[in-house]
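See below for the structure under consideration.
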Amino acid sequence: MVGGLSGCLMVGLYSTQELGHIMIWRGRLSMMLVFISVLATALACAQSPAGLNQGRGTRDNPIAARSYAKTTSYEVRAQSVVRPVPDLAPENDVEKEYMKVQFEIKCARDSDEVCDLAVLREQFRLVDEEGIIYESDPTVELPARDDPLEGEILGGAAKAGWMAFRVPVGVPVNTALAEYGEDQRIFFRLP
């Protein structure tokens, strides 16, 4: 009864016209909150791998070989693969071999912002058909003819460079992944 009584007291404090205005503003506020939540959801989807890459970029539907995989701050693609690498052999491990991948990075930031390739290269991994992930081996010294993926580039610029990975002999490794943002991953095919 108290709730009903307070409602009656509230109605008595406002004119019918004032109550109408209050109800209109409440409705507008509710609509604005719904609009904001829909907009936030749309922005989150647009920044997901599938949103940035027209539905592609998931493990089940990776970006095609030699096509750019887009993230929120850069684009990446694998241009070339060498396996096994004749100049390199893992010491004391006949079950492993080295694989070189040449990645090209295009900085998608504003023209005066920098993409640090040393930071970005830490985000790239290879994936075999079973879903096993392989990290790059930064201790490998690449031959002098192979420019490593390093340096800095400005927004709009692109640079290619090589990375070495230690993988099991005979295991198909056909996919790369880039991790970015908070728990965001994009998958793309190797050539």
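All of the numbers you see were taken from the coordinates with simple rules; none came from a lab. For clarity, every value in this text was computed on a predicted model and none was experimentally measured. Note: ideal-geometry Cβ built from the backbone for every residue, glycine included; neighbour counts use all protein chains shown.
For segment 134-188, which trypsin sites (Lys or Arg not before Pro) are in a loop by DSSP, counting at most 10 other Cβ atoms within 10 Å? Intermediate values should be presented prior to the final figure.
On the way: sites: 145, 159, 166, 185; in loops: 145.
Counting only loop positions with at most 10 other Cβ atoms within 10 Å, the trypsin sites (Lys or Arg not before Pro) in segment 134-188 are 145.
For segment 55-189, divide the Cα radius of gyration by the Kirkwood radius and give the resulting Rg/Rh value with two decimals. Mind showing how you got there, number by number?
Numbers: Rg = 14.7 Å, Rh = 15.2 Å.
Checking Rg against Rh, the ratio lands at 0.96.
What net charge is computed for the residues neighbouring residue 99, neighbours being all others with C-beta under 9 Å from the C-beta of residue 99, Lys and Arg scored +1, Asp and Glu -1?
Working: positive: 83, 100, 166; negative: 97.
Charge balance near residue 99 sits at +2.
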